[in-house]
Each structure stands twice: as C-alpha cells, then as structure tokens.
1. Residue under question is A:Val225, and the condition is that it be farther than 14 Å from A:Cys118 by Cβ, within 20 Å of the chain's Cα centre (by Cα) and within 14 Å of chain B (Cβ to nearest Cβ); does it hold?
2. For the list (1) surrounded by fewer than 18 Cβ atoms within 10 Å (Cβ to Cβ); (2) in contact (Cβ under 8 Å) with a residue 24 or more places away in the chain, I need the number of the one condition that A:Glu112 fails.
3. Being surrounded by fewer than 21 Cβ atoms within 10 Å (Cβ to Cβ) and closer than 26 Å to B:Gly174 by Cβ narrows it down to one residue among B:Val425, B:Val440, B:Val460; which is it?
4. When only residues in region A:59-69 that are part of a helix (DSSP H, G or I) and either among the polar types (S, T, N, Q) or more than 10 Å from chain B (Cβ to nearest Cβ) (or both) count, which is farthest from A:Phe233 (Cα to Cα)?
5. Assuming B:Glu517 fulfils every condition listed in (1) of a type in the set (Asp, Glu); (2) touching a residue at least 60 places away in the same chain (Cβ under 8 Å); (3) not in a helix (DSSP H, G or I) apart from one, which condition is it?
6. Residues that are in contact (Cβ under 8 Å) with a residue 40 or more places away in the chain and either within 25 Å of the chain's Cα centre (by Cα) or assigned to a helix (DSSP H, G or I) (or both): does region B:497-511 have at least one?
7. Only one residue in B:Ile275, B:Ile239, B:Ile199 is crowded, with 24+ Cβ neighbours inside 10 Å and either more than 9 Å from chain A (Cβ to nearest Cβ) or in contact (Cβ under 8 Å) with a residue 40 or more places away in the chain (or both). Which one?
8. State yes or no: is A:Pro85 more than 10 Å from every other protein chain (Cβ to nearest Cβ) and crowded, with 18+ Cβ neighbours inside 10 Å?
Amino acid sequence: MSDPKIEGFELEKGFRGMAKDTGSDQTMFKGVHWGKAMMWIFLLSDTFVFSCFLIAYMKGRASTPVEWPNPSEVFALDAFGVPVPLLLIALMTFVLITSSGTMALAVKYGYERNRKMCGYLILATALGGLTFVGMQAYEWSKLIHEGVRPWENPFGAAQFGSFFFMITGFHGTHVSIGVIFLFIYCYKVFAGHYDEGKRGWFTKMRGDYVEVEILGLYWHFVDLVWVFIFAFFYLW
Amino acid sequence: MSDEYENKSGYQAQSSETMTGTGSGVSPDMDYVRPAENPEQDLYHAHSFIEKWVFCQDAKVIGVQYFLTAVFTGVVGLILSWLMRLQLGFPGLAGFITAEHYYQFVTMHGMIMVVYFLTALFLGGFGNYLIPLMVGARDMVFPYVNMLSFWMFFVAVAVLMASFFVPGGPTGAGWTLYPPQTILEGTPGHGWGILLMLISLSLFVIGFTMGGLNYMITILQARTRGMTLMRMPLTVWGIFTATVLAMLAFPALLVSSIMMTLDKLLGTSFFMPTILKAGEVLEYGGGSPILFQHLFWFFGHPEVYIVALPAFGIVSDLISVHARKNIFGYRMMVWAIVGIGALSFFVWAHHMYVSGMNPWFGFFFASTTLIIAVPTAMKVYNWILTLWRGNIRINTVMLWCLGFIVTFVNGGITGIFLGNVSVDVPLSDTYFVVAHFHMVMGIAPLMVIMGAIYHWFPLVAGKMLDEKLGKWHFWTTFLGAYSIYFPMHYLGFIGVPRRYYEMYDSPYMTSGVGLNEFISTAAFIVGAAQLILVFNIVKTMKTGKKAEKNPWKANSLEWYTSTVPPEHGNFGERLPVVHRWPYDYNVPGAEEDYLPQTAAPSEVAHTEVEKT
C-alpha cells in the first residue's frame, strides 16, 4: 500500500496538497509505485476504448431503421419451466462482483505478507473469473442456437447481435486475460516469488506484492466496465 | 509539504525574487534539494548481441530503432508521393500507374506519413531517446514493456508493408478509410489490402499504448532531484502532452478499426447502410457511415497535434539554444501546449463540414477551431520574441527552425480559412486543403525533425554533421517545399479537386497544367535532396570531426551525461541534481553564456539570475 510518509515532508491533503505535489520535483503522485501509476493511466485509456464502443452502440441503436429486440425477452433464462428475465446475467454479475471482493482481500493479505491467504484468494478470484467466462460462453451458445448472429437475428435489428457479440466479446477477452494473469500470480504467490523478490521470467524486475495490487486494479476495472455493459445492454 | 519543509528547502520561499550577487545571500542552505524519493532504478544490462541491439531494453537504442523504422516507412511514403506527382504532372508518362494504383498511392502515402512516420518518429524516436535523458532518469520506468512497444510497432509496419504484396494490393480508399466504399467492390484493395491496414493500425495502437505508458510515467514519476514539471525542457512538455492525446485519441481509432474489420469479415453493418449495387441490394443495412467519420476524426484531429506538439516543443528548445536566449514566456508556452492539447478534442467535426451536419453543429466546431488559433499564435509570437535581440547563430539548426516558423505560420493562416464553414465548403476537397495540411503538419514538423537531427546527432553518434552540406540540404528542401505547396493554394482556388487521377481536358486545367508540371519537378528535386542528408551522415560517420562534449553549449541534462554518446544508465554513478530551468543563457554576470541545469545557486551567486 502506498505509504503517505516520504522522507522530507508529509503529504498534505486536499486541492492545495495536490497542487503542491504537482509543483514539486521527482514524482507527481507521491509514494505511488511506477507500475501502479502505469496501470491507472492504462485504465484511463481503456476507459476511452470502452466508451467509444458504448457510444457507438448507442448511436447504432438510435439510428437503426428496424426495431431493437426486447432485452428482457432475449436474455430470459428458463428456470423450472418459467422464463425469468435477466436470471443468467444477474448470476454472472454477482459472480464477477464477488470476485472483485476476493481480489481486494487478496491485496490486503498480500501486503500483510500472508502468503497462503493471498494465494487462495487470488485463486478464488481466478475461479470466479473463469465461471464468469464460462457462463458467458453458455449465453453466447444459447443465443447462437436461437439464431442470433453478428450479421442477423430473428428478433429485430441486425445491429443487436453485432454490438452484443463485439462488446461482450471484447469485455470477455479482458476477463480472460485477467484470469490468465491471476493464475500466473497465484503460482508466483504460492511459490514465494514476492516474498523473496525473485526476478520476473521476462521482465527481469524484482517481484513485489504491489504487483498483486496492480493486477487488482485491472480486475476491479474489468468489473466496473461490466456494470456499464450490463446497464446499457440488459436494462436499456 | 509543510511550511517547515518550505523553510528548509530555501528556494521555495524566495522563488520569485531576483538574487543579486553580493555574496551576502550565499548560505549552504541555498543549494538544498529534497532527498531522493525514488530508489535507484534496477537496470537489466544486456548480456548478448541480441539483447544489446535487437531486443534491447535501453530506451536510447529503442529510440534509434523506432527512428530507423519510421524513416524506412517515410522513404516508402516519399517514393509513393513521387509516383503520384509523376502521374499528376505528366499524365500517362508512366504507363504502369493506373487509376487504381494512384488511389492506392494516395492512401498509403497519407497513412504512412501521418501515423507510421511522423507519430512514430516524434514519440517513439525522439521520445524514447530524449525523455529519460532530459528528465534525468536512468531509463524508462518499464524497459521491458518499452521494448515490446517497439517490436509491436515493427510488426505493425511489417503487416502494412505486406499489403503491397497481397492479391489486390493495398487499400485505395483514401487515408480516411471512409465506409461504405472502403470495403466494397470497386475500391482497390477492398479485400486483403484493407484488412491488413486495419490489423496494422490495431497493432500500432497496442504497441503505442505500451510505449505511451512509459513516456507518461517516466515524466510524471521518475524525474531527477530538483526537476520540477516547470523546469522541464519544452521538448519534454510537447512529447508528454502529445502522448496524453495519443492515449486518449487512439482508442477511437482502435474501436473504429475493430468495427470495420468485423464489417469486412463477418458482414456486420456497423457502418454500412442499405446499399444498391448494380440494381441488387447488398446484405448490408441499417448502419451509420457518419459514425465512422466521428470515430475516425475523434482520433484524427488530436493526431494532428500528436505530430505538432512535439515539434513545437523541440523547436522551442532549438531556438533557445541557438539564439543564446531564454525561451520567451516559458510558462505561457507550457500552458499553450496543454491548452492546445485539451482543445484538440473539441474540434474534430471541422473535418466533416460537408458531411451534411446540422449548421449549429458546424458553428460550434468552427468556434472551437478558431479558438485554437489563440494559443498557437501565442507560441509563434514567443518564438519570434525569443529570437528578438538574441545572439542568433545562423547555423543549420537555426535555419531549420526559421523554416519551421515560416511554413507553420503559412499553414496556420490557411487553417483560419478552412476553419470557417462558409469558406471551407467551396474549398473542401480541393488542392487548397492539400496545401494547408502539408504546410502545417507535413513540412513544418519535418523542418523540426531535420533541425533536431542536426542538433542531436553529436549526442547520438558523437560526431558533428557537416554544416556546408547541411545548408545545401536546408535551402533545397525549404525552397523546394515552397515551390511544391505554395502553387497548390492557387490550384485550390481555381477549384482543382484533390484525389483525382487525371484532369483530362477539364476547363479548370488551362492554367493548371504548367503549374502541375512545375510542382512535380520540384517534388522530384526535394525528394532527391534528402540524399544530401544521407550522404552527410555517411561522410560524417567516416571522416567527420569528433564532437566535443556539449558542442552547442546547451543547458539541458542530455548533454551532461557521463559519456558521449550516453551509455546504458545515462548518468554514471550519480544522477544529476537540478537547480534551475534549462534556459539560462546569457545571464548577466556569468562567466560563460550558459548555466547548466545542474549549476547550484551558490556557484552562480555572483550573477543576476532569476531563480526558477
């Protein structure tokens, strides 16, 4: 965790403090690990990517001449013979948000140098992400069976399938990449790489528990984006 | 920071006062700089030839790699422009240039020059080389990712170049790639060509993102002791702001590339309306071509400033060094760069005045476009005022800088014409537009690149480029470039449309034919004149005189490395400590006409120095 005490001065809070940090030498974000700052900037850039996707979706939905399919019918799941709107998606969202919680705990235990708890919680997060991707695969195959294709669908405007597959696919790719890294980090935590500062396989940089937090930032971002996709696709 | 700290640091409390050198103000405290916040950077040194020259993690080598790759694409773009001018000036002379080829040349020339040449050269090339040196860092903050960034760019270039050799050739849709025609039959390269172009652009964005993160965080988090943001050379400010723009604008390019790839490959209709082709309705329908234009220009306009802002920054430094005078209005310059960067996100639709937009929409974008002229003009005034009563050295570097100011003002003034909707509509898609953007974002940044090459070559290679050859290079390029683009304004006024393969017997062309021949001849000469630089570099490397350390007597940190050229880690044992901005030239009372950024206040207590 970032330590607000840096030799020479204490961090001042509020706008004046921010202005002073900005005007000072060496670092603008005091005590923030370089990699963490990079991740924040990357997430800002990625926010623009998803914003462009979602704005394009809004524009596409608003300007298509054919009627847009009704999401509560298209995304309904049969539970005991009764179609329940948004059931699957509610489960998916629940799993993903829960995995955000386990990730946050993993970061906490990481900084407390509690190797085992940190590792198990990362594992739990990875499994949550895997479940999410699995459920998404199920949803995709269900829709494909019903005849939804990127270029056409039986429910209405063709753009529905186009945007749905593209945006959820792009998000799913983000989740999958995150899951891969979670498994790698899980291994590294259990193997004690972060405790002994072992150098990375490729980057040759010394390992540190801050990497868990950096991956956590990415994971929370992916969850947050999902909330927006959820709202725009399933609730609109 | 507490008040206690301010008292301790000393410089904070007296920052606005001018200290005069009677000696009474000298105390050991005045040299105080806060202790290091960052631990010493853990560098991975290369162990083999491949690690040292191919997959290198040293930002300087990566910068040179970026530079050379970008120059290679630039040469391809130059050859394409020759072929275009051959067709325009002397139609039919080269029989192999068909109309399809011509469109492919136009498209590839545009995309290569804007994205793969200028952007990669300024940010990848100069950014990588200069940022760590100028802010006093040992390397970029994440060297491994930085290395990946270059290789991703390399793959993007390879994919782009591969499109010359696929069936159907490269795309000929114009560099803006407007759908629906881009991916429909009838446009050259509508199959493989456009696909490779879109893939290459996506790879470029991914690669750039990895580099851009490094540039930003190195500047924000890895500066040396004493290097505040307002003591950074303007080069760093220009590259930094351009990187921010790129990080926020390239997403729109990535998204539009992905969407168009899907339109092409899967038959989705994001950008494709219902289309009748030869009486037959195509599969597409319901999409919005205008959406692509918005996405493209939301990237495309900041892209102009991604190219221009590093040029602004670099030229400010070059002018200051070679006029031996501090840059006029440093803070104003910084805020102008930041302001231009911010405004550039609110002007994109001025590229779409003829797309049938609501007039109020055009009114808004015309206003924001013209507002951008204010900070830009401030910068031009400040360059002039820096030169004003400076101790100007008319060497090659200064000539390029002066050439930049002239061409940039020229291109800027025509921009005022085109920014107004009512003036733009008749001029739209004529050679006036071609002349405008080549002047403002082609020739002007190129002048800066050339100046920067002559300026920093001694640092990179340790040898001085030949001045005489440099002056020949400048004058042929400058006069030649004017001969190319100045007459194009007139062609635009008489209504010659751009992107036309041939004008045939058009009534427009009675006065245009001779002019086109003249322009083409000038283009051949200017292109060939670049060989002077190649010859100069080869000759210098063989027989040129060895550069002394800091040959221009500059102040910024890149000239104060432990060795020339700098080695991995840049500064030897100890990182430099910075006490002032990089523009202390001709300070009254100083022995030399320059005070390096590392000169401590106690060393210069006898001078009248405005402490920064």
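1. So A:Val225 passes the test.
2. (2)
3. B:Val425
4. Per the criteria, the residue is A:Ser63.
5. (3)
6. Scanning region B:497-511, I find at least one residue that is in contact (Cβ under 8 Å) with a residue 40 or more places away in the chain and either within 25 Å of the chain's Cα centre (by Cα) or assigned to a helix (DSSP H, G or I) (or both), so the answer is yes.
7. Of the residues listed, the single one that is crowded, with 24+ Cβ neighbours inside 10 Å and either more than 9 Å from chain A (Cβ to nearest Cβ) or in contact (Cβ under 8 Å) with a residue 40 or more places away in the chain (or both) is B:Ile239.
8. When the stated conditions are applied, A:Pro85 does not pass them.
The values are calculated or read from the model by the stated rules, or taken from the named source; none is laboratory data. These figures come from a predicted structure and were not determined experimentally. All Cβ positions, glycine included, derive from the backbone under ideal geometry; neighbour counts span all protein chains shown.
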